[in-house]
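To keep things clear, I will list the structure first and then write my remarks on it.
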Amino acid sequence: MGWVRVLVVGVAIGWAAVMVNRKFEEPPLPTLDPNPWWGPGEPKEDNVAITQFKINVPEKDLKDLKDRLALPLRLTPALEGTNFTYGFNSDTLSRIVTYWTKKYDWRKREALLNKYPQYKTQIEGLDIHFLRATAGDTSGGARKKGVKVVPLLLVHGWPGSVVEFYSILPLLTTPREGSSVVFEVICPSIPGYGFSQGSSKPGLGSLQTAQIFLKLMKRLGFDQFYAQGGDWGSLIVTDLATLYPHNVLGVHMNMLGGNTPTGNLKMWLGSLLPSGLLVPESDQHHLYPLSSFYSRLMLESGYAHIQATKPDTIGAVLDQNPVALATYILEKFSTWTNRDNPNKPDGGLLSKTFPFTMDSLLDNICVYWFTGSITTSVRFYAENMNKDFYNKPMNKYGYILSRQITHSSSLSFSSFNSQ
């Protein structure tokens with residue numbers, strides 16, 4: 001079969017030569033409606049007021065959650081020795097529900113989540129929620145020491161929320177020894193996530209969200225700012241920087257992806273050529289063997305397919321039962337935190353070394369549950385993973401939702417609240 005490899009490499013090298021000699025043309029930027037209306041009914045004038053918001057779940061909603069959690073579980077015993085390889089292990093789920101029912105205290109967690117000031121403002125017909133973490137000691141000592149306060153937009157993804165930023169906010173807003181910069185942090189909820197209103201009309205994807213967040217930052221008085229995002233947030237801040245380069249001073253992402261012809265060629269050639277020639281030896285295990293890479297892609301991308309094609313179906317199912325919602329979301333935290341977690345009886349979730357406490361994980365689930373936002377959140381997949389999205393010139397050979405399927409540690413949840 002050696003001649004087959006030689007032939008494949010020869011064809012690939014020829015293709016590479018053609019691609020290298022092609023003139024690169026910067027794709028045109030899409031044209032967005034500058035003033036769309038995503039709210040219900042006909043367009044109206046936005047209420048541009050910024051109003052304070054406090055999380056305060058009605059007692060009847062809390063009782064409803066407790067009543068649903070008290071229902072007997074209908075669990076099928078796991079197959080012997082399968083751990084999380086068939087999905088969520090029923091024994092682990094039972095232990096988590098018991099903790100949720102008997103030990104988790106929403107009112108205490110609610111007080112913690114209200115630690116930072118939160119607000120809402122209407123943009124393009126939607127009530128957009130955000131929290132604002134101000135830079136510590138900016139009125140006195142920090143400025144005297146020459147510390148510069150800069151605005152930072154911090155954007156979450158799915159199945160996350162602004163909850164995931166609570167543990168990192170003190171590090172960003174507190175002047176630190178040896179640093180001349182401290183941040184004023186704005187953490188908005190993506191439309192349809194948590195406390196941000198979901199669109200009443202189809203078509204609100206990452207590009208449209210980028211425009212909404214630009215308007216938010218300008219309304220807060222920040223014409224120029226830095227931006228950071230993970231998961232969907234990575235795509236949103238990429239679009240922000242692409243569409244509005246004069247407003248975005250810098251971008252940081254903790255999820256990256258590319259889908260260029262030359263990039264794919266390099267990946268395929270790297271599987272045939274000696275180790276380290278095209279892909280650094282330190283990165284070989286992320287990609288090769290390709291059979292493992294594509295197998296994991298198939299294994300871990302089913303959720304994205306159903307959310308991109310039938311979001312309302314899966315949303316309706318998850319919105320009926322908090323245990324179902326927790327199962328669906330926590331399984332992602334297990335697998336995406338460490339690729340070896342499916343081989344553990346508890347999926348790593350109950351381990352003392354797991355980077356997120358059960359309380360912080362349940363905080364995030366409760367935000368989805370109390371706001372009834374699981375359906376509107378997964379619709380974001382349908383708006384971004386479709387023919388119209390990939391046919392846009394700026395997306396055709398650019399960003400691809402690769403997620404964490406090739407990595408051994410979590411990217412999108414790396415800063416999740418671990419309190």
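The values are calculated or read from the model by the stated rules, or taken from the named source; none is laboratory data. None of the values given here were measured: they were computed from a predicted structure. Note that we place each Cβ from the backbone using ideal geometry, even for glycine, and neighbour counts take in every protein chain shown.
Kindly indicate whether any position in the stretch 362-369 is polar (S, T, N, Q) and either surrounded by fewer than 23 Cβ atoms within 10 Å (Cβ to Cβ) or assigned to a loop (DSSP other than H, G, I, E, B) (or both).
If we filter the stretch 362-369 for residues that are polar (S, T, N, Q), which is where we start, we get 364.
Checking which are either surrounded by fewer than 23 Cβ atoms within 10 Å (Cβ to Cβ) or assigned to a loop (DSSP other than H, G, I, E, B) (or both) leaves us with none.
The answer is no; no qualifying residue exists.
Would you confirm whether any residue within the stretch 392-406 is assigned to a helix (DSSP H, G or I) and either at pLDDT 95 or above or of a type in the set (Gly, Ala, Ser) (or both)? Show your work before the answer.
Pass one, the stretch 392-406, residues assigned to a helix (DSSP H, G or I): 393-396.
Among the residues that remain, those that are also either at pLDDT 95 or above or of a type in the set (Gly, Ala, Ser) (or both) are: none.
Within the stretch 392-406, not a single residue is assigned to a helix (DSSP H, G or I) and either at pLDDT 95 or above or of a type in the set (Gly, Ala, Ser) (or both).
When the residues of the stretch 118-149 are narrowed to those that are among the aliphatic types (A, V, I, L, M) and in contact with an Asp or Glu (Cβ under 7 Å, 6 or more places away or on another chain), which ends up modelled with the highest pLDDT? Give the derivation first.
Pass one, the stretch 118-149, residues among the aliphatic types (A, V, I, L, M): 123, 126, 128, 131, 133, 135, 142, 147, 149.
From the residues that got through so far, the ones that are in contact with an Asp or Glu (Cβ under 7 Å, 6 or more places away or on another chain) too are 123, 135, 149.
Working: 123: 98, 135: 82, 149: 93.
Taking the candidates together, the pick is 123.
Can you say whether residue 256 is loosely packed, with under 14 Cβ neighbours inside 10 Å and either among the basic types (Lys, Arg) or under 18 Å from the mean Cα position of the chain (by Cα) (or both), as far as the supplied structure shows?
Values: loosely packed, with under 14 Cβ neighbours inside 10 Å: yes; either among the basic types (Lys, Arg) or under 18 Å from the mean Cα position of the chain (by Cα) (or both): yes.
In short, yes.
Check residue 249 against each of (1) outside any strand (DSSP E or B); (2) surrounded by fewer than 21 Cβ atoms within 10 Å (Cβ to Cβ) and name the one condition it does not meet.
Every listed condition holds for residue 249 apart from (1).
Scan the stretch 152-169 and report the pairs whose first residue is within 13 Å of residue 360 (Cβ to Cβ) and in contact (Cβ under 8 Å) with a residue 60 or more places away in the chain and whose second residue is surrounded by 23 or more Cβ atoms within 10 Å (Cβ to Cβ) and of a type in the set (Asp, Glu), with Cβ atoms within less than 8 Å and a gap of 6+ or a chain change.
So the pair list comes out as 160/231; 163/363.
Return the residue satisfying two criteria in turn: it lies in the stretch 76-102 and is part of a loop (DSSP other than H, G, I, E, B) and over 28 Å from the mean Cα position of the chain (by Cα), and of such residues it is nearest to residue 342 (Cα to Cα). Walk me through it before giving the result.
Here is the first cut: in the stretch 76-102, the ones part of a loop (DSSP other than H, G, I, E, B) are 76-89.
When the remaining residues are screened for being over 28 Å from the mean Cα position of the chain (by Cα), the result is 76-82.
Working: 76: 18, 77: 16, 78: 13, 79: 14, 80: 14, 81: 11, 82: 9 Å.
Applying the filter and picking the extreme gives 82.
If you scan the stretch 172-224, which residues turn out to be under 25 Å from residue 113 (Cα atoms), among the basic types (Lys, Arg) and out of contact with any strand residue (DSSP E or B) (no Cβ under 7 Å at 6 or more places or on another chain)?
Residue satisfying the conditions is 176 alone.
Among (1) surrounded by fewer than 20 Cβ atoms within 10 Å (Cβ to Cβ); (2) modelled with pLDDT under 95; (3) farther than 16 Å from residue 96 by Cα, which single condition is residue 352 missing?
Exception for residue 352: condition (3).
Determine which member of the set 216, 154, 240 is surrounded by fewer than 22 Cβ atoms within 10 Å (Cβ to Cβ), modelled with pLDDT of 95 or more, of a type outside the set (Lys, Arg) and not in a loop (DSSP other than H, G, I, E, B). Reasoning before the result, please.
Details: 154 fails: surrounded by fewer than 22 Cβ atoms within 10 Å (Cβ to Cβ); 240 fails: surrounded by fewer than 22 Cβ atoms within 10 Å (Cβ to Cβ).
Result of the check over 216, 154, 240: 216.
From the residues in the stretch 211-259 that are out of contact with any His (no Cβ under 8 Å at 6 or more places or on another chain) and among the acidic types (Asp, Glu), which one is farthest from residue 49 (Cα to Cα)?
So, considering only residues that are out of contact with any His (no Cβ under 8 Å at 6 or more places or on another chain) and among the acidic types (Asp, Glu), the one farthest from residue 49 (Cα to Cα) is 239.
Looking only at the stretch 233-265, which residues are free of Cβ contacts under 8 Å to residues at least 40 places away in the same chain and either touching an Asp or Glu at 6+ places or on another chain (Cβ under 6 Å) or among the aromatic types (Phe, Trp, Tyr) (or both)?
The answer is 244, and nothing else.
I'm checking my understanding of the structure. Among residues of the stretch 268-325 that are without any contact (Cβ under 8 Å) to a residue 40 or more places away in the chain and among the β-branched types (Val, Ile, Thr), which one is surrounded by the most Cβ atoms within 10 Å (Cβ to Cβ)?
In this case the residue turns out to be 279.
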